[in-house]
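Remarks on the structure that follows.
Taken together, the values in this text are just the output of simple stated rules run on the coordinates, not laboratory data. Source: prediction; values computed, not measured. Note: ideal-geometry Cβ built from the backbone for every residue, glycine included; neighbour counts use all protein chains shown.
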Amino acid sequence: MAGQPDSRRESRRGLLAPAEPMVPRQLPLAVRDFTGRAGHVAALDALLSENGPGSSTEAVVISALDGAAGIGKTSLAVHWAHRVQGRFPDGTLYVNMRGYGPGEPASPGEVLDGFLRALGTPPGDLPQGVEAQAGLYRSLLARRQILIVLDNVNSADQVRPLLPATPGCMAVVTSRDSLTGLVVTESATRVTLDLLSFAEALQLVTGIVGAGRAAAEPVSVAELIRLCARLPLALRIAASRVGSDGQTKVADVVAELTDDRGRLDVLSNSGDERAAVRAVFDSSYQRLTADQASLFRRLGLHPGPDLSLHAAAAIGELDLRETRRLLGALAAAHLIEPSAGNRYRFHDLLRAYAAEQAMAVDSAEERDELLKSLLRWYVHATHTCDVLLFPGHLRLPPPSATSSPRLPFDDQQGAMAWIEAERFNCLAVLRLAADTELHRHVIHLAEGFRFLLLLGRLDEWLECGIAGLEATRRSNDSAAEIRLLLNTSEALTLLKRWNEALIELDKAMALSIEFDDEYNRAAVLNGIGLLYYERGQFDRALNPLYEALRVIPDGERMEGVIEGNIGRAHAGLQQYRQAFEHCERGLALRRRVGDRTGEVGALNGLAQLLQKVGDHRKAVEVCRTAIARAREIRAPLSIAYPLDTLADSLLELGETPEAVECLHEAAVLFARYGNEQHADRARERIKRITDPESPSPGR
């Protein structure tokens, strides 16, 4: 073992970055041609001067910006935040709460997780639960001067856990709602945005079209402002249509806005700003080329909160190069907004408009085929993720592969990055498939969402399993029903909903007997045994596990799983001779079938058994082998478990510093990938070891 500690520490640094002070600056790009709103900017400045950092009172400052869709709330908040963030030396936090528009609104827990990481909290130190996260968040804010911008909020309750509690920080909240609750209970100052004044609208249009063009067409500019109802979103899009090369005049845009069988004149005269937005959207949409307009409509059918270049290509049935070109044209026309990582998002009004155009232009059959194209791509992507992240698992026959477009990943690391970016979209796609009764797609998506285990989203995994089960029953697919019953029972077991898990396992058992399916019968028996093992009822676990071993076909991966579980149950009963026999057979079987992830788990179980009989040096050797295998396949949780086990034996052998390093890395990995119970235990053990007054470490 001589000479190895340094190399082991070096290998661990590949997963853990050194802790450094964090000064987050999360604001999106400022609007380049922002104009007007001088009174509102002054009101925000006054709040900061009277109560903000460096003032005499330094009260908690919360500003609630409210107003209609497209009125310019986000533009004002971001513009003002860029102006003043220098007065907040400890950082600027920003989040789109997704309160209005496609997809699920952001939850406080989701946002707190991101904010705490941005503020420098190591993933392994993130507490569990919204209340605990909010407590840590406010503790960190209490020591800093930070500006927090909470954009697109749908209610006061959505943001209460995200507000500062002590002076020095400031929160700016934007919403279509009046947020009376924040005004009453949090003493927020309401700043309501109305339509731009004519002077402000003129300033905005002039800034976009140029002073010379505005001066040359004053009547047309005034008419443009009237038709856009002085709504900033509409004005910005319409004015951007005026060509910088002199080919398109303001009068040309005005003519297009008013040429719709008299309808727009009536709507504009009514003062309905939504009608003005529709008029501007119509005008911009009608100037698109046929292929640009087609992709724009198709993007409106995507159900998620944003979309990637690859997803856009899938629903557009285009190659990546052409998709990128068309998306660039749509972004230049301000009809879609690019964001980081080759991703794009709509303003929620534009997304609704795009979907409406698809309904109006494309037939129901065409829309169905487009959605199926998108769903096929997501099915292929999630299935590939499942194969990469969970090798060796029995799964349903793979769906037909699609190469349009190719997947943006080909290894476990890439698959993990994809699922973290696409999680909300995947859930939205599955719900869409369920709503439209595309049962085969629902079944394959539900099975492919096993990755939610790695993200700690057991409730979502259960939701997907339930949706998949409904689809199997509607399509009379008993084989798929058994697989999804096994998945849902596992989710229920991990959620400690024992009785419900047993009900699902009973259903799976009945189906496996009905169809004389020995493999799945063994899988069900293994699930029952595992449930009793997790409950600590080791004697009750053995009967179903031995029965599973009797019926499973020889040489299957499941045989190795069952052998290992029998070994663990015997170990729980302190029957170590039998435990070693079954654990070693389980390890050999997993190696024989090439189940590398399972091999790591079997090695970890064997190491724990060696610890029970006091052979810690051999346990260390086995753990190191397990960790090396897990690093080869880049399986984070498979690294974490043997690290945690290794720490036990290192402590027994007096190698405390390395044991603490192992626990630190294990805690980070457990927390990052959803196992907060193990993360908490690892952190608690570190405290006991490093606190001189704590009891002796060990289990």
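For the stretch 299-362, the residue among G328, A360, A312 whose Cα projects farthest onto the positive side of the dipole built from Cβ charges is G328.
Using every Cα-Cα pair within the stretch 464-518, state what percent have a distance larger than 13 Å. So the pairs more than 13 Å apart make up 55 percent of the total in the stretch 464-518.
In the stretch 299-362, inverting the average of 1/r over every pair of distinct C-alpha atoms gives 11.8 Å as the Kirkwood radius. Pairwise Cα distances in the stretch 412-639 exceed 34 Å for 17 percent of all pairs. Across the alpha-carbon atoms of the chain, the computed radius of gyration and Dmax are 29.5, 95 angstrom. Calculated mean residue ellipticity at 222 nm for the chain: -20000 deg cm²/dmol, from DSSP H runs with n ≥ 4 weighted as -39500 (n - 2.57), summed, divided by the residue count and rounded to 500.
Restricting attention to the chain, close to 20% of DSSP beta bridges with both partner residues there are antiparallel. With Cα atoms defining each centre, the stretch 67-117 and the stretch 147-181 are spaced 9 Å apart in the structure. Computed about its Cα centre, the charge dipole of the chain is approximately 1120 debye, with only Lys, Arg, Asp and Glu carrying charge at their Cβ. Values of log10 I(q)/I(0) for the stretch 38-192 across q = 0.08, 0.16 Å⁻¹ run -0.20, -0.85, by the Debye formula with one identical scatterer at each alpha carbon and no solvent. Couplings 3J(HN,Hα) of the stretch 418-427, computed from phi: 5, 5, 5, 6, 9, 3, 5, 5, 4, 5 Hz, in residue order, whole Hz [Karplus 6.51 cos²θ - 1.76 cosθ + 1.60, θ = phi - 60°; x for Gly and Pro].
Look at the alpha carbon pairs under 8 Å that are at least 6 residues apart: their mean separation over the length of the stretch 603-680 gives a relative contact order of 25 percent. Over the chain, Cα pairs under 8 Å with separation of 6+ residues give a relative contact order of 9 percent.
For the stretch 112-208, the list of trypsin sites (Lys or Arg not before Pro) that fall in a loop by DSSP and count at most 12 other C-beta atoms within 10 angstrom reads R143. Treating each Cα of the stretch 460-589 as one equal point scatterer and applying the Debye formula with no solvent, the log10 of I(q)/I(0) at q = 0.13, 0.15, 0.18 Å⁻¹ comes out as -0.53, -0.69, -0.94. At an R0 of 22 angstrom, the distance between the Cβ atoms of A216 and A331 translates into a FRET efficiency of 0.20.
Label point of D368 set 7 angstrom out along Cα-Cβ; within the stretch 417-439, amide nitrogens under 20 Å from it belong to 429-439. The GluC sites (Glu not before Pro) of the stretch 431-509 meeting both criteria, a DSSP state outside H, G, I, E and B (loop) and at most 14 other C-beta atoms within 10 angstrom of the site's C-beta, are E437. Here is the result for the stretch 65-174: no chymotrypsin sites (Phe, Trp or Tyr not before Pro) lie in DSSP coil with at most 12 other C-beta atoms within 10 angstrom of their C-beta.
For the stretch 315-426, the Kirkwood hydrodynamic radius comes to 16.0 Å, computed from all pairs of different C-alpha atoms.
For R25, the residues whose modelled amide H falls within less than 5 Å of its own, excluding neighbours fewer than 5 places apart on the same chain, are T92. Taking a Cβ cut-off of under 9 Å around C169, the surrounding Lys, Arg, Asp and Glu residues balance to a net charge of 0, with basic ones at +1 and acidic ones at -1. Two numbers describe the Cα atoms of the stretch 541-699: Rg and Dmax, which are 16.1, 54 Å.
Along the stretch 518-525 the Karplus relation, 6.51 cos²θ - 1.76 cosθ + 1.60 evaluated at θ = phi - 60°, assigns HN-Hα couplings of 5, 4, 5, 4, 5, 5, 5, 4 Hz to successive residues, with x for each Gly and Pro. Percentage of Cα-Cα pair distances in the stretch 134-228 greater than 16 Å, rounded to whole percent? When all Cα pairs of the stretch 134-228 are counted, 65 percent exceed 16 Å. Between amide H atoms placed 1.01 Å from N, distances below 5 Å from T192 occur with D66, all of them 5 or more places distant or on a separate chain.
Amide H contacts under 5 Å for N342: none, restricted to partners 5 or more places along the chain or on a different chain, H placed in the peptide plane at 1.01 Å from N.
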